[in-house]
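Values in this text are rule-based calculations from the coordinates and carry no lab data. Because the structure is predicted, anything quoted here is derived from the model rather than measured. Here the Cβ is made from the backbone with ideal geometry for all residues, glycine too, and neighbour counts use every protein chain on show.
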Ligand code: AMP
Ligand code: ZN
Ligand code: FE
Ligand code: FE
């Protein structure tokens, strides 16, 4: 079984619409594929319908933007109830913060002589319900300011660059509680990626394991061989499931094909077993 637990569609900042993404997964020989758009569940219905048609098991997921010790931490949430009020409220709040960030970033860019309109970003985002920096990057490419998303992040909108504005996000601990209350299973996305490696270590994984975390995404393009070996040990110590995923973004992330990283079948079943162990009490939010 080939299982890729991390992909994005054009509903957030990937470039393939959900149904086409699932077709690509079938072509890539995947048996199971999680659609984990940033902060939205809007692509699920289309992807799951395509999956039923094509014989690909589509796992409904969300990559939730959170904050931990002032750093951006991404939380993969598998199988949460999309109608759960607390989850809906949390995701809607994050998307609203993403929307209001766009004009603030455009102001910063304009101060540095790069003029884009909100319409330029809307055009680049097309049907996305979750707008992000990659869409501003695409608008910068369309305007001829840079040649690629990578260059846009490296020169204008990456952390510490002139056009960067951080987005408001719930705390990781609140997000864990909300996803678990919604019956979802939580896995830390690319824990040692650029944005979060300085705030996540062994003791932290133990602490988070007690706060509702079920797994670590160890096999990911942001981790080198040494990282993966160390993260595997940390996962074992903290009783966390080891997963892998491509973080496929279509044309939005060059050199990262579907199925580039996958999750072991036993690990996948271990995640399934933690499904729906939701506490009855809602977190106080
Ligand atoms: P945002 O969530 O709007 O702050 O944007 C961050 C997202 O941009 C990440 O989740 C990645 O999907 C994407 N991203 C980060 N760095 C790059 C890069 N260098 N090139 C393309 N996409 C990137
Ligand atoms: Zn993304
Ligand atoms: Fe991420
Ligand atoms: Fe991602």
- Using a Förster distance of 22 Å, how high is the FRET efficiency between residue 96 and residue 122, based on the Cβ-Cβ distance and rounded to 0.05? 0.90
- Query: In nm, what is the difference between 0.36 nm times the number of residues separating residue 104 and residue 1 and their Cα-Cα distance?
  - Reply: 32.6 nm
- Describe numerically, in nm with one decimal, the distance between label points set 7 Å from Cα along Cα→Cβ at residue 161 and at residue 211. 3.0
- Message: Could you work out [θ]222 nm for the chain from helices alone, using -39500 (n - 2.57) per DSSP H run of at least four and dividing by all its residues? Round to the nearest 500 deg cm²/dmol.
- Response: -11500 deg cm²/dmol
- Item | Least to most buried among 30, 213 (fewest other Cβ within 10 Å first) | 30, 213
- Item | Residue order, fewest to most surrounding Cβ atoms within 10 angstrom, among 262, 67 | 67, 262
- Item | Length added when fully stretched, residue 71-residue 225, from 0.36 nm per residue minus Cα-Cα | 53.1 nm
- Mind checking the full-extension length gain between residue 141 and residue 273? Use 0.36 nm per residue of separation minus the Cα-Cα distance, one decimal, nm. 43.1 nm
- Estimated distance in nm for a label pair at residue 197 and residue 88, the labels positioned 7 Å out from Cα along Cα-to-Cβ: 4.0
- Any idea how far the Cα center of segment 120-141 sits from the one of segment 175-248, in Å? 29
- Among 148, 130, which comes first, second and so on when ranked by fewest other beta-carbon atoms within 10 Å? 148, 130
- Quick one: if you stick a label point 7 Å off each Cα along the C-beta vector at residue 151 and residue 254, how many nm between them? 0.9
- Task: Consider all pairwise Cα distances in the chain and report the whole-number % of them above 35 Å.
- Result: 13
